[in-house]
Amino acid sequence: MSVVAESLSKVILGAPQTHRNLSLFPLLGDGIAEPGYVLLDAALAQGCARVTEVSEAGSVPELGLDNGCDLPVLLLDGEELIGAKQNRILNLSVLAPAGKRIVIPVSCVEAGRWHAESAAFRSAGRAHYAGGRARKAAQVSESLRNYGSRRSDQSAVWADISAKSARMDAASPTGAAAALYDTHRASLDEYLSAFAPVPAQLGALFTLNGQVLGLDLFDSAQTLTALLPKLVESSALDAVDAGQADGATGDRAAAQRFLDMVAAAQLQRFPAIGEGEDLRLVSPAVAGGALMAEARLVHLCAFATATAPAEDANGETRGSRIARASQRRSGRQ
């Protein structure tokens, strides 16, 4: 049994919470009380960690993290950093060692800017939208398998943001993904208000119009509680984009099937950039990875590839099982 399968075998699927077309199934279990790391937002707020460009010239797929904290810092897959020469998202979860500087792999989510707005980055307080995280995760896994690097397909990331921005009427002079969240702030806040952590919750599995988007699972309920708003907003942006499908609600059977698929996925192991090991899921139906450190699964993220299809420049999807309500209303299929 793989470490992912073993971890999921101890998880209980809780009662769903639903708002409009989005449902959250809590993943319940016995986590550790004190995770032994500090989250990125807290580390930046405390001033013991700093994220900057790797040099004065900068490098799009890399940033430098100086961890002056007494504990390792956990950076979440898809977490967004804003400022410096352009906004970026984390390509995968990283456990940055205490007292060290490391180079972290990122993707740009602001195609039209390459000039410094600040010396260091600050937290955007959000994670990249779920469909974009899914596609990026598949790209990073392929990069690791083929080249030993943790890079996304940067052109594809930019094209994905551009298509979504056009579809959601979120204009930005620099092509920043931030405009998506700013434009739909009121709707996103409604979703954020509708979901709350429950006791013993270690993770969250989201379904959109009855189809699984993906899941995040942590080693501590404390971590989940702190990061849940980012995870909700990540999936909620896709929910706003998708629109409501008639009669579609959270499907417990579909959620359990997805858990079983993730558990059955093969794993490829790679030394982590920081502490631990990077594990990548190998499955035609699942994209994602996990961070393992000190013999435990610190973070697992997994996405249903069939519900996160690639989008072309016109916003059309290829192979999606989720038909957008807005498309159906206008006769587009």
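The values are calculated or read from the model by the stated rules, or taken from the named source; none is laboratory data. Since we're looking at a predicted model, the values are computed, not measured. Note: ideal-geometry Cβ built from the backbone for every residue, glycine included; neighbour counts use all protein chains shown. Side chains included, ligands, DNA and RNA excluded: accessible areas come from the protein's heavy atoms. Shrake-Rupley method; radii C 1.70, N 1.55, O 1.52, S 1.80 Å.
Tabulated values for the structure
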read-out: Failed item, numbered, when Ser55 is tested on (1) open to solvent by 30 Å² or more (accessible area, probe 1.4 Å); (2) touching a Cys at 6+ places or on another chain (Cβ under 7 Å); (3) free of Cβ contacts under 8 Å to residues at least 40 places away in the same chain; value: (2)
read-out: Boolean, Asn21 is over 23 Å from Met292 (Cα atoms), open to solvent by less than 10 Å² (accessible area, probe 1.4 Å), in contact with a Gly (Cβ under 9 Å, 6 or more places away or on another chain) and not aromatic (Phe, Trp, Tyr); value: yes
read-out: Odd one out for Leu217, checked against (1) of a type in the set (A, V, I, L, M); (2) in contact with a Gly (Cβ under 7 Å, 6 or more places away or on another chain); (3) open to solvent by 20 Å² or more (accessible area, probe 1.4 Å); value: (3)
read-out: Total residues in the stretch 73-129, condition more than 20 Å from Ser143 (Cα to Cα) and outside any strand (DSSP E or B); value: 18
read-out: From Ala163, Ala226, Ala156, residue being hydrophobic (A, V, I, L, M, F, W, C), part of a helix (DSSP H, G or I), open to solvent by 40 Å² or more (accessible area, probe 1.4 Å) and in contact (Cβ under 8 Å) with a residue 40 or more places away in the chain; value: Ala226
read-out: Test for Ala134: is it part of a helix (DSSP H, G or I) and modelled with pLDDT of 95 or more; value: yes
read-out: Tally of residues being out of contact with any Leu (no Cβ under 7 Å at 6 or more places or on another chain), open to solvent by less than 30 Å² (accessible area, probe 1.4 Å) and not in a loop (DSSP other than H, G, I, E, B) across the stretch 25-44; value: 2
read-out: Residue that is farthest from Ala239 (Cα to Cα) [pool: residues in the stretch 122-144 that are open to solvent by 10 Å² or more (accessible area, probe 1.4 Å) and of a type in the set (Lys, Arg)]; value: Arg122
